[in-house]
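The values are calculated or read from the model by the stated rules, or taken from the named source; none is laboratory data. Just so we're clear, the structure is a prediction, and the values are computed from it rather than from any experiment. Using ideal geometry, Cβ is built from the backbone for each residue, glycine included, and neighbour counts are taken over all protein chains shown.
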Amino acid sequence: MKFNPADNIQDLQYFGEFGGVNPSISDSSTYTFLSAKTMFDTFEGNADGCYLYSRHSTPSNLYLGEALAAMEGTETANVTASGMGAITPVLLQICNAGDHIVSSRTIYGGTYAFLKNFTPKLGIETTFVDITKLDLVEAAITKNTKVLYCESVSNPLLEVADIKGLSALAKKHHLKLVVDNTFSPLSISPAKMGADIVCHSLTKFINGSSDTVGGVVCGSQEFINDLRNVNDGACMLLGSTMDSLRAASILKNMRTLHIRMKQHSFNAAFLADKFEADGLKTVYPGLESHPSHQLFKTMMNTEYGFGGMLTIDAGSLDKANELMELMQHKNLGYLAVSLGFYKTLFSVPGSSTSSEIPENEQKEMGLTDGLIRFSIGLDNDIERTYNMMKACMVEVGVL
Ligand SMILES: *Cc1c(COP(=O)(O)O)cnc(C)c1O
């Protein structure tokens, strides 16, 4: 049967301890043991099903992790306090001093800053490449390389990674392929195409209500055990643990993810078509004009569409700012970073979420001053929204 991430989530069944339709929330930081021996065994890492201390794991966190592992088709998952709290332990778990990472150059600003400014302090170096060019990726691999890192759909340029191609390279050179799938939950299933580890910022589409940060690492049981190891596990020791109350609330929001993603994708595709027809420079993976449109089609779980993210170029930073302020004034969305909210969010990445990337590098990768990144909301009547957005664009002279 064909892998379907939403069906996999649906097939899980949970009950609370009194038969509640939602699992009970584990409101404890520590857990009792019936025997002292079991406590010892748990510290040694061989008492399956026992809870020890909430930085290690909790029932609520395990429930959410199971749902996310079902979504990505991995053996298991570990939820974390934020997306960065998932990505950074993964890289620090795999890499030692002297190791090397080959990363896409168009990635989330925080991840870029971590690899560019932070990990060199630990003796871990990164080469940034155009991830859409597999020959350049392979040429950057050295004898010290341990990780290939990319986003399935990149932030903010919406470049699409050839996950099967990257996975073949990773296997050939004995590397781990780590994929951040934050922009394309359900639409793309990286682990099914050979990614070893899939990370998400749950803060975005998966939670979908912009009320918390959260993250997850999906991978093999062995790797997740390593992350949680009390002696040398990066999640356990760096402490980016999710709180149980929050895990419970994210799990409830996740139940509507498939419906939301379809609507985000439908609305974004509608607007992208219209904006492009109006003559705006528009980037959306669902457009024929997108350089990786065909590639995305070969990778996607079709029914969830091409995602809710699109960019337009307003020509200059001033025009972009003027347009965003007017759209906010007309209540078409919020001038805010982040994504995956019910309402449209827009920002100018060059001077905000990607400002960690130096100007000359921004230029080289095609990140222009006037580029507006949209996370398209769940608007009921997207044609009405389009007409109102178009009026704003005409008013500020972008159209
Ligand atoms: C937001 C984001 C992150 C970081 O997640 P936080 O939850 O903010 O820590 C990582 N990757 C991508 C693609 C993101 O959009």
Completion exercise
Reported set for region 331-355 where residues are assigned to a loop (DSSP other than H, G, I, E, B) and surrounded by 16 or more Cβ atoms within 10 Å (Cβ to Cβ) is 332, 333, 336, 339, 340, 341, 344, 348, 353, 354
Practice task
Inspect region 253-266 for any residue being surrounded by 16 or more Cβ atoms within 10 Å (Cβ to Cβ), in contact with a His (Cβ under 9 Å, 6 or more places away or on another chain) and at pLDDT 95 or above and give the result as yes or no.
Solution key: no
Practice task
Would you check if residue 116 is within 16 Å of the ligand (Cβ to nearest atom), over 16 Å from the mean Cα position of the chain (by Cα) and not hydrophobic (A, V, I, L, M, F, W, C)?
Solution key: yes
Fill in the blank from the handout: Heads up, the helices (runs of 4 or more DSSP H) in region 225-284 (entirely inside) with at least 1 residues that are of a type in the set (Asp, Glu), farther than 14 Å from residue 202 by Cα and touching a residue at least 12 places away in the same chain (Cβ under 8 Å) are 257-277
Problem - Residues of region 192-210 that turn out to be outside any loop (DSSP other than H, G, I, E, B) and away from the ligand (no atom under 11 Å from the Cβ), as a count - result: 4
Practice task
May I ask you to list the residues in region 1-38 that are acidic (Asp, Glu) and under 28 Å from the mean Cα position of the chain (by Cα)?
Solution key: 7, 11, 27
Problem - Test result for residue 74, of a type in the set (S, T, N, Q), within 16 Å of the ligand (Cβ to nearest atom) and either at pLDDT below 95 or within 18 Å of residue 193 (Cβ to Cβ) (or both) - result: no
Fill in the blank from the handout: Given (1) of a type in the set (Val, Ile, Thr); (2) touching a strand residue (DSSP E or B) at 6+ places or on another chain (Cβ under 6 Å); (3) closer than 24 Å to residue 283 by Cβ, residue 197 misses just (3)
Handout entry: Looking only at region 229-279, and only at residues there that are among the polar types (S, T, N, Q) and touching a helix residue (DSSP H, G or I) at 6+ places or on another chain (Cβ under 7 Å), the one that is farthest from residue 383 (Cα to Cα)
Key = 229
Practice task
Please find, within region 154-183, the residue that is nearest to residue 281 (Cα to Cα) out of those that are in contact with a helix residue (DSSP H, G or I) (Cβ under 8 Å, 6 or more places away or on another chain) and within 12 Å of the ligand (Cβ to nearest atom).
Solution key: 156
Fill in the blank from the handout: Of the candidates 201, 187, 167, the one satisfying the condition of being within 11 Å of the chain's Cα centre (by Cα) and under 30 Å from residue 364 (Cβ atoms) is 201
Fill in the blank from the handout: Within region 340-375, residues being more than 15 Å from the ligand (Cβ to nearest atom) and either in the same structural domain as residue 104 (by TED's automatic domain parsing) or closer than 21 Å to residue 214 by Cα (or both) number 3
Exercise for the section: Keeping to region 211-236, report how many residues are crowded, with 24+ Cβ neighbours inside 10 Å, β-branched (Val, Ile, Thr) and within 11 Å of the ligand (Cβ to nearest atom). Expected result: 1
Handout entry: Filter result (more than 14 Å from the ligand (Cβ to nearest atom) and over 17 Å from residue 173 (Cβ atoms)) within region 85-95
Key = 92, 93
Fill in the blank from the handout: Residues of region 210-224 being under 15 Å from the mean Cα position of the chain (by Cα) and either closer than 16 Å to residue 87 by Cα or in contact (Cβ under 8 Å) with a residue 60 or more places away in the chain (or both), in sequence order, are 210, 213, 214, 215, 216, 217, 218, 219
Practice task
Go through region 341-396 residue by residue and tally those that are within 17 Å of residue 269 (Cβ to Cβ) and among the basic types (Lys, Arg).
Solution key: 3
